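Asks: Input: one structure, supplied below.
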């Protein structure tokens, strides 16, 4: 599904990604872990198509297409979804209106009929249950006045409605208490299916207790320095990131 | 907020800079979309010679077969105007207007008296069709009575019979002068005297036509009254005059909408709107203004210098202005309410959008004279391109206005890094019991917001439309339904995807 080859990227002249190689198949959950400043969020944002980042080399294939050549909205329409670390507020725009616009854009791109208000409402009511969101949030402005936990649950709720093929979770666990973490993870797990893949970007191992990865990659200084199964995450939890840095001769 | 703090309200003068190279290019590409409604209808005109003098005023008055009092009033206004200076205090810049190099009267030649819409000049009908406001459709679908004004003379008025049943008068100003001279004489200039300001004086001297609306005592107007104005002849100044009188306990909702065709030379539009609300009456006046704003280089466009004012003459009256301003090269306009009676209410809801080289200096004046008077001001400025957008508002509380209350909220939204937003709030409080609140914010359509929308499959153009419409929500909800839809479309057209 996703094939990243020797990807290099920088922002404002600072090199962040220094040659990333990664292959993700449908049905898989990959965790990208790493210390602060290692390039985790940059990787997420480059995949989603944020313009501030300069691509310096390498390529990214998404279902055989050149992902880096696509606009952010085309990536989204092709099934790439990013759960934002800091979901953005849009005052005056209801959550429902925003999501309906998004869903119908994506459905149109898939060659599906647009949903009318009644069909849409039926769908969202069902999907809200997945993340235990109050229906009142539908008529509130996008993320405005939401608590940290509500914002993150709202991201997963959007994911549930938009049904992406590739989900990138950018530090979704940051700022979540244990209950919210459980709710968000349950949602993600219920949405897991053989045709979609998930990239979980996180600093901490605890999220991976709930969303169990098939593969764990450790990102240090813009490179993947270790890859392994879920036990790698536990090792990191126990020993911190220093041992990986030392083992790979990277300055701390 | 305390009295002391009130007097030192911040004058924020905010020019913001941000945006990457790519963003900038996208802004330029998208904000350069052409004005969609630029064309000219070829109808034979009857035109007064260029220039302005007493002879021309005699000519206009004679053409319109006016009673002596009207000619007298026009001449007084003209003589006063000659002694006045053009105001230079607004935060706008434009070339000097040569008032002698303009035509002051132009009327489509009438083929014969019109009895129904079907008799209207087909070319005129086409023009309205291009605007998407086919009169027949409006009549059939919305039940809105349309007084279509093309250049200076009204050509069609609908629903007259229905309105007449309630004793409501809704006609062109010219007709009102002919058929209801006593009402015109009583109320013209009673809210905006010809001495009021330079443009009001000019309008009073040369106004060609406009709308007149009279709601008798206790009558609730059963439909929204709507007028579409349109400048058509090249170099013809447009001087509309609207007078709305609501008698005791009456109610009316009045809609005014404008678009104008493309011109290279700047055109002056100096209208006057007067509203009189008697005891317990309520007048809601909504405007969607879309005069030609000039091209992407700042060439051409309408100069829109308008005086709009209402007076709540007696107790418990209410006047509410709602405006969506997307057009004109230069806008200078402050719809105001004089709260004379006790317990009267004034409201001002405004969205002013400027793009390319447009300049707007707009706001309101709320003059509290009676006891327990209340006013609300919600102003939403949106600047894109290289435009300048200023809010200028005055809240004055008179000596005898016990317990006056005002709430003002002035928000500015910036799109791109070359535009400016300015806020000039003025407060004059002469009664200690007044309670006045003022809030002001400046924000920008953020790259983060746009990217968030993009990442959900929404294009940048649509994202800006969604964000801007969300920002304007508080004002749009004050508009009648069909107007709100039109206003949203207008914003989308006017912005066509400016990026921040």
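Asks: Roughly how many nanometres apart are two label points built 7 Å out from the Cα toward the Cβ at residue B:432 and residue B:190?
Replies: 3.7 nm
Asks: Evaluate Rg over Rh across the stretch A:3-153, taking Cα atoms for both radii and Kirkwood's formula for Rh.
Replies: A ratio of 1.00.
Asks: Within 10 Å of each Cβ in A:135-148, how many Cβ atoms from other chains are there, averaged over the peptide?
Replies: For peptide A:135-148, the averaged partner shielding equals 1.
Asks: Grab the Cα-Cα distance for residue B:71 and residue B:409, subtract it from 0.36 nm times how many residues apart they are, and report the gain in nm with one decimal.
Replies: Net length gain for the segment: 117.4 nm.
Asks: How many Cβ atoms of partner chains, on average, are near each residue of A:47-59 if near means within 10 Å of its Cβ?
Replies: Mean shielding by partner chains, rounded to a whole number: 2.
Asks: Per the Kirkwood formula on distinct C-alpha pairs, the Rh of chain A is how many angstrom?
Replies: Mean inverse Cα-Cα distance, inverted, gives 18.7 Å.
Asks: GNM on chain A, C-alpha springs below 10 Å: top fluctuator among A:29, A:188, A:93?
Replies: Looking only at A:29, A:188, A:93, the biggest GNM fluctuation is shown by A:93.
Asks: Give me A:210, B:194, B:104 ranked fewest to most by other Cβ atoms within 10 Å of their Cβ, as a rough exposure proxy.
Replies: Fewest-to-most Cβ neighbours within 10 Å comes out as A:210, B:194, B:104.
Asks: Semi-axes of the stretch B:365-409's equivalent ellipsoid from the Cα gyration tensor, sqrt of 5 times each eigenvalue, largest first, rounded to whole Å?
Replies: 30, 10, 5
Asks: Using Cβ contacts closer than 10 Å as the measure, can you line up B:456, B:220 from fewest to most?
Replies: Going from sparsest to densest Cβ surroundings: B:220, B:456.
Asks: Turning to a different aspect of this structure: How large, in Å, is the stretch A:108-211 by the Kirkwood hydrodynamic radius built from its alpha-carbon pairs?
Replies: 14.6 Å
Asks: Give the Cα extents of the stretch B:299-435 along the principal axes, in whole Å, largest first.
Replies: 47, 24, 17
Asks: Sticking with the crude label model, points 7 Å out along Cα→Cβ, report the distance from residue A:227 to residue A:11 in nm, one decimal please.
Replies: According to this spin-label approximation, the distance is 2.5 nm.
Asks: Further question: Under a crude label model (7 Å from the Cα following the beta-carbon direction), how far is residue A:243 from residue A:179 in nanometres?
Replies: 3.6 nm
Asks: When you look at the Cβ of every residue in A:95-104, what mean number of other chain Cβ atoms sits within 10 Å?
Replies: Shielding by partners across A:95-104 averages 3.
Asks: Give the peptides B:438-448, B:283-293 in descending order of average Cβ contacts within 10 Å, highest first.
Replies: B:283-293, B:438-448
Asks: Let me ask you something else. So how far, in whole Å, is the C-alpha centre of the stretch B:399-452 from the one of the stretch A:78-127?
Replies: Each part reduced to its Cα centre gives a spacing of 33 Å.
Asks: Then there is this: Just rank B:212, B:173, B:69, fewest to most, by other beta-carbon atoms within 10 angstrom.
Replies: B:69, B:173, B:212
Asks: Which FRET efficiency, nearest 0.05, do residue A:55 and residue A:139 yield, Cβ-Cβ r, R0 60 Å?
Replies: The pair residue A:55/residue A:139 has a calculated efficiency of 0.90.
Asks: Another question, then. Kindly state, to the nearest 0.05, the FRET efficiency for residue B:474 paired with residue A:110, given R0 = 30 Å and r defined as their beta-carbon distance.
Replies: 0.25
Every number in this text was worked out from the coordinates using simple rules, so none of it is lab data. Just so we're clear, the structure is a prediction, and the values are computed from it rather than from any experiment. Every residue, glycine as well, gets a Cβ built from its backbone with ideal geometry; the counts of neighbours run over all protein chains shown.
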